[in-house]
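The values are calculated or read from the model by the stated rules, or taken from the named source; none is laboratory data. Keep in mind it's a predicted model, so treat the numbers as computed, not measured. Note: ideal-geometry Cβ built from the backbone for every residue, glycine included; neighbour counts use all protein chains shown. Please note that ligands, DNA and RNA were not included when accessible areas were found on the heavy atoms of the full protein model with its side chains. Shrake-Rupley method; radii C 1.70, N 1.55, O 1.52, S 1.80 Å.
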Amino acid sequence: MTDASLHQSIPREIPREAEPSFRDYVDLLKPRVMSLVVFTALVGMLVAPVPVHPFLVFTAILFIAIGAGASGALNMWWDADIDEVMRRTAKRPVPAGRVAPGEALALGLGLSLISVMMLALAANLAAAALLAFTIFFYAVIYTMWLKRSTPQNIVIGGAAGAFPPMIGWVAATGTVSLEAVLMFALIFMWTPPHFWALALFMKDDYSKAGVPMLTVTHGHDATRTHILVYTVALAALAVGIAFTSIGGPVYLATALACNALFLRGAWAIRKRTTTDAEEDGYATEKRVFRLSLTYLFLHFGALLVDATLKSFGIWGGWT
Amino acid sequence: MTIRATHELHARRRGRNVGVAVLLAAFAAIVFGLSVVKVQQTGGIEGFDHVLRPEMLPPQEGVGQ
């Protein structure tokens, strides 16, 4: 290729603002979601009873995160039409016109392939297969199917976000066990109240986009009841984990405190009406949504603390 | 013939190109590091040096007893 041929291929009318930056491609990977994936997968790997070389831990977590990012890019490619309608997502790179849909698709598929292959090399085939299934579940089962077809979309789709600690555990041990399933269940049960609290104060975003969120199909009152029911089930599960082999005194104290606060928040949401919420700008719903983020971070952080106590011989288990 | 960056497009894409270069270098470093760790975890390795290694021969009756 020469200078002449290079320059002939450049369309000179490309507007400066249409040129995607490196940051736009990073945004396609949903970095905030990735941070949660990194943390929960890391905990899943570190609480496993098998020591793993630190570099292998780093590599496995990195490619689990990249796999999660890849599924985020595929989600943005498929959902560009509804992202454009919703205020919360309108500025994403594809609906904002900064990245072409085909580029998001290519990035998503390419990173999916690389992340699965590299996880197989760094950890094992079981972990890689689980990562591949997670990407498939999020991109196809949730994004392409459930999200636009059922108000249970985030209940079932929540499984995609619940897999990372299980992948971390399998990366360390090579097998799925009860502890991995319990960590999966913790995020799975946490997702509905977390997202429904968000959906309550997102008002008409989902209805404008035609996404059948529970708030749209069954109304706010039914959603408030659902939040409380799921929070009760979540609290029982979260506290119960304290008495398994991955639990410990720090986790138990954390779970008791966090679940008491979360239950109180869910009950406060249940007691309110849409009129109450509109009067104070959905203050309670926003508070519970923020609390739900801290809730998950503290639970997994406590699991890590108890695992550290065990590794130093400070805590020897319940028996 | 060398391609010379004369168009302003090159300047606009500089950030992206530097980013891709850093990612590729990081990827190469990770694959290298992964190889080193995996080889270290394989245990003792004997190089094939065209020399007869008695320790690899099957044990024979009456030999070394």
Ignoring ligands, DNA and RNA, what percent of the 1.4 Å accessible area of the stretch B:1-41 is carbon and sulfur? 68 percent
Averaged per residue, what accessible surface does the stretch A:21-175 expose to a 1.4 Å probe, in Å²? 40 Å²
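For the protein assembly as shown, what does the convex hull of the Cα positions come to per residue, in cubic angstrom? Display every interim value, and only then the final one.
Working: hull volume 77.9 nm³, N = 384.
In the protein assembly as shown, the Cα hull volume divided by residue count equals 203 Å³.
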Please give the calculated 222 nm ellipticity per residue for the protein assembly as shown, where each DSSP H segment of at least 4 residues contributes -39500 (n - 2.57) and the sum is spread over every residue; nearest 500 deg cm²/dmol? -22500 deg cm²/dmol
Keeping all protein chains in position, work out how much accessible area A:V94 exposes to a 1.4 Å probe, and write it in Å² to the nearest 10. 10 Å²
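Quantify how strongly other chains surround peptide B:13-26 by giving the mean number of their Cβ atoms within 10 Å of each of its Cβ atoms.
On the way: counts 4, 1, 4, 7, 1, 1, 5, 2, 0, 1, 2, 0, 0, 1.
That average works out to 2.
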Between A:F243 and A:I141, what length comes free when the chain is fully extended (0.36 nm per residue of separation minus the Cα-Cα distance, one decimal in nm)? 33.4 nm
List the residues of the stretch A:220-237 whose backbone N lies under 17 Å from a point placed 7 Å from the Cα of A:L256 along the Cα-to-Cβ direction. A:235-237
Distance violations [Cα-Cα > 25 Å] among A:K91/A:K147; A:K208/A:K271; A:K30/A:K310; A:K286/A:K310: A:K208/A:K271; A:K30/A:K310; A:K286/A:K310
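Please compute how much accessible surface disappears when B pairs with A, both sides summed, using a 1.4 Å probe, and round it to the nearest 100 Å².
Interface between B and A: roughly 2100 Å².
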Value of D in µm² per second that Stokes-Einstein yields for the stretch A:21-175, Kirkwood Rh from Cα pairs, at 37 °C (0.692 mPa s): 211 µm²/s
Put simply, what bits of the stretch A:54-79 lose 50 Å² or more of accessible area when the other protein chains are there, versus the chain on its own (1.4 Å probe)? A:F55, A:L56
The correct ranking of A:E279, B:E8 by accessible area at 1.4 Å, largest first, is A:E279, B:E8
As an exercise, identify the trypsin sites (Lys or Arg not before Pro) in the stretch A:16-96 lying in DSSP coil whose Cβ has no more than 15 other Cβ atoms within 10 Å. A:R87, A:R88, A:K91
Label point distance in nm, A:S35-B:L52, each placed 7 Å from Cα along Cα→Cβ: 6.7 nm
For the stretch A:177-319, what is the accessible area per residue in Å² when the probe is 1.4 Å? 43 Å²
Estimated FRET transfer efficiency (A:L293, A:R148; beta-carbon r; R0 30 Å; 0.05): 0.70
